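One structure is given here, and the rest of the page talks about it.
Values in this text are rule-based calculations from the coordinates and carry no lab data. Owing to the predicted nature of the structure, the values given are computational and were not obtained by experimental measurement.
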Ligand SMILES: Nc1ncnc2c1ncn2[C@@H]1O[C@H](COP(=O)(O)OP(=O)(O)OP(=O)(O)O)[C@@H](O)[C@H]1O
Ligand SMILES: [Mg+2]
């Protein structure tokens, strides 16, 4: 059984509305994949399904060949420890310093303070934020907050890292810094799955792409294959025109 995260024929609906329909996806270990799609198509929902935070109506999610729906709570916690997510908003705790944000889960897990401090410094240095350890999130720029959230996700040394819109709302330098961190993580052998509607970020960091449209995964392949793919939704996404104006919802 190949190592990775697998979605098999996954369907998920809320209040009778199908958000994810019959989606198959395989994120092979070591790969850096991006799921692209317009706003509101269900990208964040896919990440929540992968983590087992919500349950599909049908289909299954497996991590390294183990179906997460079949795991006990204890086993699920263990599997989840190997997967980190950097949520769309970053979601740092405002009342904690950056250092406390990065280290609190390790402290909660009973790791010795000295060791936690070492890990916190190492992860902050990895994202270029070693000087912010005693600052509060409100004192950081948007791009710094995103990187602090990445450092926090890295504290548990995950094998898989899921990124939800990691560069949305950042200026070009902020985008560059976050993309750089994601590429460094891949170079370290981490498996990365990003969901975004930001094409530039996706092309900057990923080797494989999936495209979601109307709840279905309509494409998977390389950048070149996507650029050549003949589907109106993908063409519009890649090259919006005047006809796209107000076309959605
Ligand atoms: N708990 C929920 N209750 C009702 N509707 C929901 C819920 N979660 C998601 N949805 C709906 O599911 C759809 C997909 O949401 P999701 O957040 O996954 O989209 P997205 O692709 O991540 O969007 P964005 O690019 O704006 O972040 C949306 O239409 C949203 O309104
Ligand atoms: Mg989202």
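Before moving on, here are some points about what is shown:
- Compared with the dominant Cα axis of the chain, that is its longest principal axis, helix 142-154 is turned about 80°.
- The shape of the chain comes out oblate: with a ≥ b ≥ c from the C-alpha gyration tensor, a/c is at least 1.5 while a/b does not beat b/c.
- When only alpha carbons are used to place a centre, the stretch 65-129 and the stretch 144-166 end up 9 Å from one another.
- Equivalent ellipsoid dimensions for the stretch 123-232 as semi-axes, Å, which come from the Cα gyration tensor, largest first: 29, 15, 12
- Beta bridges per DSSP, both residues in the chain: antiparallel share near 55 percent.
- Pairwise Cα inverse-distance average, inverted: Kirkwood Rh of the stretch 4-94 (Å): 14.1 Å
- Principal-axis tilt of helix 98-108 within the chain, Cα atoms, nearest 10 degrees: 90 degrees
- Seen against the Cα atoms of the chain and their longest principal axis, helix 172-187 is set at about 80 degrees.
- Using the rule -39500 (n - 2.57) for each DSSP H run of four or more residues, divided by the residues of the chain, the 222 nm mean residue ellipticity is -11000 deg cm²/dmol.
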